[in-house]
Amino acid sequence: MTHRHTDRVLFYTILSMVFFGVIMVFSSSSAVAETRYRLEMTHFLKQQLWWLLVSIPVLMIFKRIDFRKLETPQWAFGTLGLALMLQVMACIFDRNTHRWVKLGGFNLQPSELAKPALILFLAYFVSRRSGTINNPRYSIAPAALVMGLLFFSIGLGDLGTAIVLAVTAGVLFFVAGLSWRVVALAGGLFLLAGTAFVASKGYRVGRVVGFLDPEFVVLDRMDPNGHIKNYMRQASTSGDYGYQARQAKLAVGSGGVLGLGLMQSHQKLSFLPEAQTDCIFAIVGEELGLWGTTGVLLGFLVILWRGTRLFFVAPDDFGRYLALGVTVSIIVQAFVNMTMVLDLIPTKGIPLPMISYGGSSLLSTLASLGMLLSVSEQSE
């Protein structure tokens, strides 16, 4: 095996998307920082740059490490255990949203850090037990225990990330040879658990109902006494559950082909909630038009192309599953975010990788992509 140089196509695509994200974070947050939060217009930009100063070195460190050095129980179980411990802390100390752990002046989101940790664990687990992947006691039971704990602890506060993790695990196990029967059973259990998590919070029910039945025609027939509506209203400050989706579509549509111009968005002026985080793709569409959104989409397609290619050329099974896990995780998250902005699925709070504001998301994504680049550098 020969040592190859950096995959420049993948590497420069990552850097381009990260720095484009910094520009869009400033553009989407400058007005709302002053008007809503009474902060200086560069507040969110400075926060993102601080996280970038940490995340870029993490990217380069993982890029330079031979990925085979990560194929140890310490990395596989240690990082996942740390992520689970932080998530339990979030559930205990952040009683409102179960999402955040405060460390000094920064808020850390453990569910984001669980992504590279789970990918490492899955790559290690699947590569070691590929020959016995359908053994109930040796493989299925331990994997079900880990995924159940992770999905439950994260799903309490961040159902979108829990779904991304579940899909990533499902793809890796399926590719490794897990039988259709077990895949169907696991999918059914996760669907039931996801339904229970949606039902556990009124605002989640409101988002689903607002997407499927915006005029409440079916809901009024099913629930003439209005119990479900009352449950939804108790957890929401607004009864208009389709507002965010409409504003996002309005932003994308008003941008047209060429866009209104950088910094010229109207929807970011307190009309579109979470413009710098979950709905930043809508601001890209409004300010930079079809060309801007197509550029973002092409960036993720390059990651999909190079990551899928690595699955076939990686020197061993651990590298193959590591590359596949990173690729699936990032692409699924991007797909969920963009389809949510376009009102193709119910509204869900999930950032667009490398583009949205959020330090935990940026750190997690670049750590994962650093491992992907490492696999590339050690492949023929």
Fraction of alpha-carbon pairs in the stretch 73-112 farther than 11 Å apart, rounded to whole percent, equals 61 percent
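Can you check how the C-alpha radius of gyration of the chain compares to 2.2 N^0.38 Å, as a plain ratio?
Values: Rg = 21.0 Å, N = 380, 2.2 N^0.38 = 21.0 Å.
Ratio of Cα Rg to 2.2 N^0.38 Å: 1.00.
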Net charge near ASN230: determine it from the other residues with C-beta under 15 Å of the C-beta of ASN230, scoring Lys and Arg +1 and Asp and Glu -1. +1
Can you give the three extents of the C-alpha atoms in the stretch 201-240 along their principal axes, from longest to shortest, in whole Å? 24, 20, 14
Which lysines, if any, have their Cα less than 19 Å from the Cα of LYS201, not counting same-chain residues under 8 positions apart? LYS229, LYS348
With +1 on each Lys and Arg Cβ and -1 on each Asp and Glu Cβ, how big is the dipole of the chain about its Cα centre, in debye rounded to the nearest 20? 580 debye
Binned Cα-Cα distance frequencies in the stretch 286-357 - 5 Å width, integer %: 3, 15, 22, 22, 16, 10, 7, 3, 1
Whole number please: convex hull volume per residue, Cα atoms of the stretch 1-142, in Å³. 168 Å³
Cα-based Rg then Dmax for the stretch 70-197, in Å, read 14.9, 48
Under 16 Å from the Cα of LYS115, which aspartates and glutamates turn up, not counting those fewer than eight places away in the same chain? ASP158
Under a Cβ-only charge scheme (Lys and Arg +1, Asp and Glu -1), can you give me the dipole magnitude of the stretch 70-197 about the Cα centre, in debye to the nearest 20? 200 debye
Please report, largest first and rounded to whole Å, the three semi-axes of the ellipsoid equivalent to the stretch 240-338, where each semi-axis is the square root of five times an eigenvalue of the C-alpha gyration tensor. 34, 15, 9
Unit charges at the beta carbon, dipole of the stretch 201-240: most positive-side option, PRO214, ALA235, ASN225: ALA235
Using the charge dipole of the chain (Lys, Arg: +1 at Cβ; Asp, Glu: -1 at Cβ; taken about the Cα centre), state which of GLY202, LEU342, GLN267 has its Cα farthest towards the positive end. GLY202
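Since every read-out is calculated from the coordinates, none of them should be taken as a lab result. Since the structure is predicted, the reported quantities are computational estimates derived from the model, not experimental observations. Positions of Cβ are generated from backbone atoms using ideal geometry, with glycine treated the same way; all protein chains shown enter the neighbour counts.
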